[in-house]
Structures are given as C-alpha cells and as structure tokens.
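These notes are about the structure you will find just below.
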C-alpha cells in the first residue's frame, strides 16, 4: 500500500482501513523530463506531385506496346543472342551438340534457313525483310509463323552490328483456317448446282 499513499489515507492501519483522498488532495506523479534532443516539429501536408498528362499517356502507350508486341530477339553481327523478350521461348528448339548462342541454330527447324538469310541481309545491306509465313507446329497444332528481321535502332540512329528479329504468329491454328476454307467452298457448291440446273432462257 506504500505505493498508493498518494491515492489513499490510512484510518486504522493495523486493521488495514483506508480512505480515498479527494482529487484536490492527490499528488500528481512527476513526468519524465525530455532531453534537449527532442524539438517540436511542424508537420505539413505533402502535396501530391501531378505528372503531365502527356507523360502519362506516353507511358501508357509504351506499356501497351511492350505488352502486345510480338516475341522478339536481339542479336549481334555474328547472330549471337543478346536479349530475349519474355514470350520468345516457344520458338526455340536447340540443335543437338555443343551449346551455341547462334540464334539461327536455336530456333525451330522450320525457321532456321529463312532466319539465317534474313539476318545476313540485315547485317550486310542494312535492309529489313519479312519472310513468307511458314507452318510451325506448337504442341502438335500448326500455326503460320513469319519472320520480320530489321537492323536495331536507338532513336533515329541504327545500332551497328545488331539486328532485331520478330516472330509473327497467326492467331488461329492452321487446321482451323483450312477447315473454314472447306466450309466456305461447300457453301458455294449448292449455288453453282442451282445455276447449272436452271432452265435455259427461251429465245
């Protein structure tokens, strides 16, 4: 009870009878004194930084291009891979033997010849090229794939000794496209038969 003497006064200590002190008689506890290292700091409301509308639209445009761009690979003058886009792996099927970073030996067999010719043209003449679409099977489902090879650019200037390869893929499987053509030709046949069976006009 000694610790509570500021709150209670003894009436008969042996019988442990105490009476509570009134609020005016209580002694307020001493508060710890702060050191001089603590100072009053005025908190001001931070104003949000407003970006220019043009910059926001430009960033959204760049992000949309990056998310929707076709798979691509950056190579040097010896066709060695410098960088891959995240979705370019499905076009790779390395050849058996020692490892090589040559892109023309890493892509699927259906694309190797056209890719090598296009890379030689880009490096030697600085011209871009677009190959004929070729059927390539992904998980036993054929798709048409075309190669767009062009010299790499940094702004308006061409980067010497580098080329960019884009893999352009058809949205629908090749078998579905052929099936659509067969169904369309089947629809035309009744019309042709109807024309052939029409009675000749009387002269």
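Here is how the numbers come out for the structure above:
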quantity: Förster radius 25 Å - calculated FRET efficiency between residue 101 and residue 130 (Cβ-Cβ, nearest 0.05); calculated: 0.50
quantity: Spin-label pair residue 17/residue 72, simplified geometry with 7 Å Cα→Cβ offset, distance in nm; calculated: 9.6 nm
quantity: Over the range 69-173, equivalent-ellipsoid semi-axes from the Cα gyration tensor in Å; calculated: 22, 16, 12
quantity: Protection proxy ranking, peptides 148-155, 64-71, average beta carbon neighbours within 10 Å, highest first; calculated: 148-155, 64-71
quantity: Listed peptides 80-90, 137-147, 112-122 by packing density, highest first (mean Cβ within 10 Å); calculated: 112-122, 137-147, 80-90
quantity: Estimated translational D of the range 113-152 in µm²/s (Stokes, Kirkwood radius over Cα pairs; 37 °C; 0.692 mPa s); calculated: 302 µm²/s
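All of the numbers you see were taken from the coordinates with simple rules; none came from a lab. From a predicted model like this one, the values you see are computed outputs, not experimental measurements. Neighbour counts run over all protein chains shown; Cβ positions are idealised from the backbone, glycine included.
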